[in-house]
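What follows is a set of notes on a single structure, which appears directly below.
The values are calculated or read from the model by the stated rules, or taken from the named source; none is laboratory data. Keep in mind that what you see is a predicted model, and the values were worked out from it rather than measured. Note that we place each Cβ from the backbone using ideal geometry, even for glycine, and neighbour counts take in every protein chain shown.
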Amino acid sequence: MVKKSRGDIEYSDLSWAEQSRLRHALSHGASRRDAIKMMTAAGVSFAAAGTIVTSANKVLAATPKKGGRLRVGLTGGATSDVLDPGKILDLYMIHLQFGQLRNNLTEVGPDGQLVPELAESWEGSKDAKTWTFKIREGVEFHNGKTLDADDVVANLHHHTNENSSSAASGLLSGIESFKADGKSHVVVQLKGGDADFPFLLSDYHLCIVPTDADGNVEYESGIGTGGYMLVEHEAGVRSFTRRNPNYWKEGRAFFDEVESLQIADTNARITALRTDEIDCMAKVDVKTIDLLKRVPNVVVHSVTGNKQITLPMRTDTPPFDNNDVRTAVKYIVDRKQWLDTILRGYGELGNDNPIGPANIYRATEEELPQREYDPEKAKFHLKKAGLSSLSIQFHAAETGFNGAVDAAQLMRETGKAAGIDIEVVREPNDGYWSDVWMKKPFVACYWSGRPTENMMFSTVYKDDAAWNDTFWQHERFNELLLMGRAETDPAVRREIYVEMQQIVHTDGGVLLPLFPSDVMAYSDKMGVPEQVGNNWELDGAKNAERWWFS
């Protein structure tokens, strides 16, 4: 023991052997009281012993270890969910497929940087039109099949063939051709240059699944290369997975088992966490944050990225086929009121532009002035549309975004001053994404954002994107999208993307009032990395892979 004043001694002053004995005792069930007794018996003062034990517990908490069943309270699951990655709709299936069962060629790390996953490396031509990916060797699917380039080619075909119903078809529309070059390389030829192409392959729809004897992708079994293997799955209700003993990633997938539970009701998720029925939960209602922070053994954690609340208006459906009507509706939302009331300050204002605070080419307020609540301007645009008043329906459910129904009521009240009457239609959570979103003309929605401008625009705003939920068509925007992909000069690229943001803001069908923080809560027995990803809820939807029990 280092000779210091008994009141000054710290954990770091213990010898390596003494630190090991203390950590061993704590990790094998010794209580805090017993550990303090151990220290005082060694001649340490009571006060110093308490400090040392606290430090030892912190060291233990920060050291990943295997074991236990993780129980996760999620939203966004539906009985219509399927195990085809191309048809993933919301958080539940993102967390299950993307976060547990399967891997992508590339991955966005917790720091927002692109890192290799099933592609060990990649190289692009000078014009960014030809990309060669080296497939990681020795990786096995859950059924024992070894991953090779043919699997990757079949997966790309699944998302890009002319009959594909994959939501990633628009994202990959820039592909001209692709082929396997031996068993460990895949070559992708693009129609035009795309400096961000490797980023696209990190999209959660592009999880790699195995091929069957005929060379077709086989997704129904849930088999992948991920850290967990599917044992049970009841769509929209519950999924159960078990650790993959042959997982190729070292230092990942620490839990023995993961139980994913669809709990749509916010209060039910909180109750489950408080009563130890789950270990962590997504989408904490900001109205409950202060209450949760007072609950013993519960940690509340927030991160802000590109997640966004959107109110898409179908531009192919009256009255939203008139841009002046769309603009009028954009002016009746009091965004500051929403930030204070709906998000309790956990987020920042949106400006009818999907490029978020974590994107590098985001327009400045000088380039795109903030749209404010202005019923007089709303009246002006209604008049330009030949209207003196407007009656519309807004369809909302809590799965659209937390607080959607309350937000709709606020919009209904602030719309009255402009002569806009809004009937709020409360929809059921179950089936919302299949029966309401992209079906009704004006709805509540949210997007987790994307790490690059091209990904965001290609996924939701390109004319033929599968998830173009405003059904918006704009010739200049689509021309700029192709130009931005191919441009390698950052200054020119910025000019292109700023113009695209201005077009969406001025002409698009999206009303985007807020960028909310992701607020999660978990038991203090969870071990959580110092840096938590902000690209999806729950650490990039990969907390089952990155977290542990401490």
*What's the number of the condition Ser434 fails, among (1) under 30 Å from Asp111 (Cα atoms); (2) touching a Leu at 6+ places or on another chain (Cβ under 8 Å); (3) assigned to a helix (DSSP H, G or I)?*
(1)
*How do the helices (runs of 4 or more DSSP H) wholly within the range 248-330 filter down when requiring 1 or more residues that are at pLDDT 95 or above: which remain?*
266-274, 323-330
*Please verify whether the range 228-239 includes one or more residues that are of a type in the set (Val, Ile, Thr) and either surrounded by 18 or more Cβ atoms within 10 Å (Cβ to Cβ) or not assigned by TED's automatic domain parsing to the domain that holds Pro296 (or both).*
no
_Pair list, Cβ under 7 Å, 6 or more apart: the range 386-408 residue closer than 15 Å to Pro319 by Cβ, other residue small (Gly, Ala, Ser) and outside any helix (DSSP H, G or I)_ = Ser388/Gly419; Ser389/Gly419; Leu390/Gly419
*asked:* Just to be sure before I move on: is Asp352 in contact (Cβ under 8 Å) with a residue 60 or more places away in the chain, closer than 25 Å to Ser517 by Cβ and of a type in the set (Asp, Glu) in the structure I sent?
replied: yes
*Just to be sure, is Val519 aliphatic (A, V, I, L, M), part of a loop (DSSP other than H, G, I, E, B), modelled with pLDDT under 95 and touching a strand residue (DSSP E or B) at 6+ places or on another chain (Cβ under 7 Å)?*
no
*Just name the residue that is surrounded by the most Cβ atoms within 10 Å (Cβ to Cβ) out of those in the range 107-123 that are at pLDDT 95 or above and assigned to a strand (DSSP E or B).*
Ala119
*Considering residues of the range 498-538 that are acidic (Asp, Glu) and farther than 30 Å from Val295 by Cα only, the residue surrounded by the fewest Cβ atoms within 10 Å (Cβ to Cβ)*: Asp507
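Out of the residues in the range 527-547 that are more than 19 Å from Pro451 (Cα to Cα) and assigned to a loop (DSSP other than H, G, I, E, B), which is modelled with the highest pLDDT? Quick ask: steps written out before the conclusion?
Of the residues in the range 527-547, the ones more than 19 Å from Pro451 (Cα to Cα) are 527-530, 544-547.
Add one more test, that the residue is assigned to a loop (DSSP other than H, G, I, E, B), and what stays is 528-530, 547.
On the way: Val528: 95, Pro529: 94, Glu530: 89, Trp547: 98.
So, considering only residues that are more than 19 Å from Pro451 (Cα to Cα) and assigned to a loop (DSSP other than H, G, I, E, B), the one modelled with the highest pLDDT is Trp547.
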*Within the range 87-106, which residues are surrounded by fewer than 21 Cβ atoms within 10 Å (Cβ to Cβ) and modelled with pLDDT of 95 or more?*
Lys87
_Among the residues of the range 358-372, are any in contact with a Lys or Arg (Cβ under 9 Å, 6 or more places away or on another chain) and buried (at least 23 other Cβ atoms within 10 Å of the Cβ)?_
no
*asked:* Only one of Thr459, Thr506, Thr470, Thr452 is among the β-branched types (Val, Ile, Thr) and touching a helix residue (DSSP H, G or I) at 6+ places or on another chain (Cβ under 7 Å). Can you tell me which?
replied: Thr452
*In the set Glu162, Glu137, Glu176, which member is out of contact with any helix residue (DSSP H, G or I) (no Cβ under 9 Å at 6 or more places or on another chain) and either aliphatic (A, V, I, L, M) or under 30 Å from Pro245 (Cα atoms) (or both)?*
Glu137
*Report yes if some residue within the range 474-497 is in contact with a Lys or Arg (Cβ under 9 Å, 6 or more places away or on another chain), touching a residue at least 12 places away in the same chain (Cβ under 8 Å), surrounded by fewer than 24 Cβ atoms within 10 Å (Cβ to Cβ) and in a strand (DSSP E or B); otherwise report no.*
no
*Output the residues belonging to the range 355-377 that are part of a loop (DSSP other than H, G, I, E, B), within 14 Å of Thr506 (Cβ to Cβ) and out of contact with any His (no Cβ under 7 Å at 6 or more places or on another chain).*
Ala363, Glu367, Pro369, Gln370, Arg371
*Out of the range 170-197, which residues are in contact with a Gly (Cβ under 8 Å, 6 or more places away or on another chain), buried (at least 21 other Cβ atoms within 10 Å of the Cβ) and either in the same structural domain as Asn535 (by TED's automatic domain parsing) or outside any strand (DSSP E or B) (or both)?*
Gly174, Asp194, Phe197
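State whether one or more residues within the range 379-398 are assigned by TED's automatic domain parsing to the domain that holds Phe477, at pLDDT below 95 and on the phi < 0 side of the Ramachandran plot.
yes
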